[in-house]
Amino acid sequence: MAEQASERGRGAQSPRLDLRRINWSWLGTVPFFLFACAFLLLPSASLVIGSFQDNQGNFTWQNIADLSQPSIVNAYLLSMKVSGITALLGTLVGGLLAWAMVLGRLPRFVRAFLIPFSGVASNFAGVPLAFAFIATLGRVGFVTVLLKDLGFNLYDKGFNLYSFWGLSATYLYFQIPLVVLILTPAFEALRPQWREAAESLGASGGYYWRSVALPILTPALLSTVVLLFGNAFGAYATAYALTGGSLNIVPIMIGAQIQGDILHNPNLGYGLAFGMMLIMTLVLVLYSWLQRRSARWLQ
Amino acid sequence: MKKRPSLVAWLFIVLGTSYFLLPLIATFLFSLRAKKDTLGFTAYQRVFADSSFYETFRFSALMALLTIIASLLLLVPTVYWAYLRHPRLHRLIELVSLMPFVIPPIVLVFGLIKSYSRPPVILVQSRGLLIAGYMVLTLPYMYRAIDAGLRATNVKTLTEAAQSLGAGWPRIIWQVIVPNIRGALVNGAFLTFATVLGELTLAQYLAWPAFGPYLARISQNKAYEPAALTIISFALTWVIFGIVLLVNSKDQQQTQFGGTH
């Protein structure tokens, strides 16, 4: 505000310049906000509005109430289970990998390989990823056959690639590398001096981790879990390519609704999407709150 | 400090690496078995002989290119301008650029179809809608790349210097600002390219003959070709990231790998 005022003050001396600046200011940001309104705000708002309307367009709570149908509740629960388990396991495994890479005193080539590989793998999703897992853990997959030859039949033991654990194992392939990328800077930000200070005061390695390092890392770890949850919750392509739509998670259900109104009520479909946006919003709010907390120490 | 050997660290790295390499090895071996009892590149030959491989690839590559151009044209001046003149708008732009995170692709395409398939505005059959959707999808990292680039550049000083030499706004943006944030732009552009190239959700529901739906169709109907295609996709992703790393090491830029699904 102060800046604009001072600009106006300057403009009084040279009115032509002032005009030009105001014009450009409009041209500069208005296209962006128009674009955002047309392709972000309008589509999402129309879904939200649609979920509070009946077929005649009157206001109703019915669609929101109908979200409590068992099939829909189960889809949300399954989605949350897959997202939750891959977020926790992904953070654990990715965290251990990042720790090993940063603080494990390994040769430099480990890092020189692992970071770009994580970049590639975290972007390797969708149909190719699904197929790679079919070739590995499918019924005639490489590992499945290998284990069978060794006398261990995965599928007899209840494993199925096209079910909860199979989907989770597949999602971890892009979840873990993302953690490596996010947590590597966090581990790097742990200053050796902190450890030295702790040790000079008589702390053991375990005590240092429990009382100094982990408390500092906790917000970063939690925000990673939250980010991964959102990352898995919204994923559609991988699940679709892997299960062909047989596993009822929310994105798959929305896809089926777009294609053929499987719920026999378009407005209930909008409600389904609204619920998803609501959960993602919570995820984002929680994530940015945790991010701000973790930035305090890890700079 | 240097007392403990890093055996545990090695163990983690070896276990982690094998989880990542096994699916690739398995897929590669599988892709070689298209001919009975012999290992060979038959599956790859079949893929490269398939004309729809080229057609869908070309379509997706073109869409990716148009998305990049449109995104840069829209975002660079906006973010630059916000940096220079509207610090408060800057926060708002940042918030908007985070919004795609709240709207997963499947929800986005649902909303786009609902909004643009009936009057007053019918866009579902236009490529423009697909590109706009891709722009939304890649907005978070395109924005982050440009923002990081501008943050590392002294925008105000450069602008004033250019102005004092008599440069107009378009010239300042394209000949002064853009060259200074080139590394960041390349970063964002290639991430966008990688994302759009294999994208399935938007292309499928807006019914475009893109590379993602082609991959999905092949993997449902064929046995060995999808394995070959998987290896090709993976190699392609490596090539794209290799270019990003190369450009960034020249510019000494921080590489941004970003990219959630």
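Side notes on the structure shown:
- Number of positions in the range A:101-143 that are touching a Leu at 6+ places or on another chain (Cβ under 9 Å), under 21 Å from B:GLU225 (Cβ atoms) and of a type outside the set (Gly, Ala, Ser): 10
- Hits in the range A:26-61 (condition: exposed (fewer than 12 other Cβ atoms within 10 Å of the Cβ) and assigned to a helix (DSSP H, G or I)): A:TRP26, A:VAL30, A:LEU34
- The condition of being within 27 Å of A:ALA132 (Cβ to Cβ), more than 10 Å from chain B (Cβ to nearest Cβ) and either aliphatic (A, V, I, L, M) or buried (at least 22 other Cβ atoms within 10 Å of the Cβ) (or both) holds for only one of A:LEU190, A:LEU183, that being A:LEU183.
- Selection status of B:ILE103, outside any helix (DSSP H, G or I), within 11 Å of another protein chain (Cβ to nearest Cβ) and within 18 Å of the chain's Cα centre (by Cα): yes
- Flag for B:ILE68 being at the interface with chain A (Cβ under 9 Å from one of its Cβ atoms), in contact with a helix residue (DSSP H, G or I) (Cβ under 6 Å, 6 or more places away or on another chain), surrounded by 14 or more Cβ atoms within 10 Å (Cβ to Cβ) and more than 30 Å from A:PHE187 (Cα to Cα): no
- When restricted to residues that are of a type in the set (Gly, Ala, Ser) and more than 9 Å from chain B (Cβ to nearest Cβ), the range A:246-281 contains 5.
- Residue in the range B:27-38 that is over 27 Å from the mean Cα position of the chain (by Cα), under 30 Å from A:ALA132 (Cβ atoms) and of a type in the set (Gly, Ala, Ser) present: yes
- Residue in the range B:116-126 that is aliphatic (A, V, I, L, M), free of Cβ contacts under 8 Å to residues at least 40 places away in the same chain and under 19 Å from B:THR153 (Cα atoms) present: no
One line per residue, one yes/no per condition, for (1) surrounded by fewer than 24 Cβ atoms within 10 Å (Cβ to Cβ); (2) within 7 Å of chain B (Cβ to nearest Cβ); (3) in contact (Cβ under 8 Å) with a residue 24 or more places away in the chain; (4) not acidic (Asp, Glu):
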site: A:ALA98; (1), (2), (3), (4): no, no, yes, yes
site: A:LEU103; (1), (2), (3), (4): yes, no, yes, yes
site: A:PRO107; (1), (2), (3), (4): yes, no, no, yes
site: A:ILE115; (1), (2), (3), (4): yes, no, yes, yes
site: A:SER122; (1), (2), (3), (4): no, yes, yes, yes
site: A:VAL127; (1), (2), (3), (4): no, yes, yes, yes
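- Filtered by the rule that a residue be in a loop (DSSP other than H, G, I, E, B), within 28 Å of the chain's Cα centre (by Cα) and free of Cβ contacts under 8 Å to residues at least 40 places away in the same chain, the range A:142-191 gives A:PHE159, A:ASN160.
- Residue in the range A:234-245 that is more than 8 Å from chain B (Cβ to nearest Cβ) and part of a loop (DSSP other than H, G, I, E, B) present: yes
- Residue among B:ALA61, B:ALA34 that alone is surrounded by 14 or more Cβ atoms within 10 Å (Cβ to Cβ) and either touching a His at 6+ places or on another chain (Cβ under 7 Å) or assigned to a helix (DSSP H, G or I) (or both): B:ALA61
- Residue check, B:ALA148 under 19 Å from the mean Cα position of the chain (by Cα) and more than 11 Å from chain A (Cβ to nearest Cβ): yes
Coordinate-derived values only; no laboratory data. All values reported here derive from a predicted model rather than from experimental measurement. We place every Cβ from the backbone using ideal geometry, glycine too, and count neighbours over all the protein chains shown.
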